[in-house]
Amino acid sequence: MIESVNATFENFVGQSQGLNEMAYQMVAHVLTLGYAVMLAALFYFILTIRTVAPKYRTSSVLSVVVMVSAFLLLFAQAGNWTSSFVFDAEKGKYFLGDGKDLFNNGYRYLNWLIDVPMLLFQILFVVSLTKSKPNSIRNQFWFSGAAMIITGYVGQYFEATNFTAYAIWGAISTVFFIHILILMKRVIKEGKEGIPASAQKTLNSIWVLFLISWMLYPGAYLMPHLAGIGVDGGLFNETGVVARQITYTIADVSSKVIYGVLLTVVARKLSVEEGYVEA
């Protein structure tokens, strides 16, 4: 029996229903894919850092830091998954193990607490703001980014047992989330002024990617309750467990790796425009 009232819904599913072989392995594999992609991207950002002018390289450095953080914490979460469930040969399913660790998405939140401010800061080292003050935007990014993650982190502990608290913390987190979207839209709009058309097009792609990938996170947060409320409703089943981890992984790869690559592309185009030649 789960003694903690703050256990996430994956644990309740693992205790009451269990996970079939496909569901268990799909989560294990998608978590492995997540940290493997971060490791591969780490080498990409290291190897391409000199393809942009020195003034833009801080963005690449931040991508390197983000990849290291994401790799380490997603690696830890993959281990947390395999240590939390054990196979019951008689029932043919994986169940939450007695005396084992509870599975916790907190590893992702810790990773986001490190990565989100840096992801938001990155673009400020690539584009030039024509109206807003960089220091003001940076401080707002930092405050809203950290507040969004912390409030979401608290909220996810109530997802299985206290829907009201879960919804309130989620709503507070959403306020900061919306503020970040507004700021990013402003930064991209100002950043497009006076730069080559090809770089403007890439910035437009970054905005679309940012909007879509970041929208996946609240979707994953709400995953247990998308079709109802409570342990007996919504996606409190193995489908919901698999869907949430896939959604989180797609969002992480898109918002960190692909976002960083596109920023590098913009920086390269601006570097060439300014006459930079790679040694």
Problem - Answer from 186, 108 - the residue that is open to solvent by less than 10 Å² (accessible area, probe 1.4 Å) and among the basic types (Lys, Arg) - result: 108
Exercise for the section: Go through 213, 173 for me and flag whichever is touching a helix residue (DSSP H, G or I) at 6+ places or on another chain (Cβ under 7 Å) and either open to solvent by 20 Å² or more (accessible area, probe 1.4 Å) or more than 15 Å from residue 259 (Cα to Cα) (or both). Expected result: 173
Problem - Filtered residues of segment 147-165 (kept if at pLDDT below 95 and either under 17 Å from residue 117 (Cβ atoms) or in contact with a Pro (Cβ under 9 Å, 6 or more places away or on another chain) (or both)) - result: 159, 160
Fill in the blank from the handout: Those residues of segment 122-134 which are part of a helix (DSSP H, G or I) and modelled with pLDDT of 95 or more amount to 122, 123, 124, 125
Exercise for the section: Collect the residues in segment 124-169 that are open to solvent by 20 Å² or more (accessible area, probe 1.4 Å) and among the charged types (D, E, K, R), keeping them in residue-number order. Expected result: 131, 133, 138
Exercise for the section: Enumerate the pairs (first residue in segment 97-116 and of a type in the set (Asp, Glu); second residue anywhere and outside any helix (DSSP H, G or I) and open to solvent by 10 Å² or more (accessible area, probe 1.4 Å)) with beta-carbon separation below 8 Å, excluding pairs fewer than 6 apart on the same chain, so at least 6 apart or on different chains. Expected result: none
Exercise for the section: State all residues of segment 97-118 that are outside any helix (DSSP H, G or I) and not hydrophobic (A, V, I, L, M, F, W, C); if no residue qualifies, say none. Expected result: 97, 98, 99, 100, 101, 104, 105
Fill in the blank from the handout: Of those in segment 257-279 that are among the β-branched types (Val, Ile, Thr) and more than 14 Å from residue 128 (Cα to Cα), the residue surrounded by the most Cβ atoms within 10 Å (Cβ to Cβ) is 264
Practice task
Keeping to segment 189-210, report how many residues are among the basic types (Lys, Arg) and either open to solvent by less than 50 Å² (accessible area, probe 1.4 Å) or within 20 Å of the chain's Cα centre (by Cα) (or both).
Solution key: 0
Exercise for the section: Test residue 229 against the criterion of being at pLDDT 90 or above and surrounded by fewer than 16 Cβ atoms within 10 Å (Cβ to Cβ), and give yes or no. Expected result: no
Handout entry: Criterion (in contact with a helix residue (DSSP H, G or I) (Cβ under 7 Å, 6 or more places away or on another chain), among the hydroxyl-bearing types (Ser, Thr, Tyr) and more than 30 Å from residue 19 (Cβ to Cβ)) met by exactly one of 205, 254
Key = 205
Exercise for the section: With respect to residue 250, determine if the residue is under 13 Å from the mean Cα position of the chain (by Cα), open to solvent by 40 Å² or more (accessible area, probe 1.4 Å) and over 23 Å from residue 80 (Cβ atoms). Expected result: no
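The values are calculated or read from the model by the stated rules, or taken from the named source; none is laboratory data. A quick note: this is a predicted structure, and the numbers were derived from the prediction, not measured. Note: ideal-geometry Cβ built from the backbone for every residue, glycine included; neighbour counts use all protein chains shown. These accessible areas exclude ligands, DNA and RNA; they are computed on the full protein's heavy atoms, side chains included. Shrake-Rupley method; radii C 1.70, N 1.55, O 1.52, S 1.80 Å.
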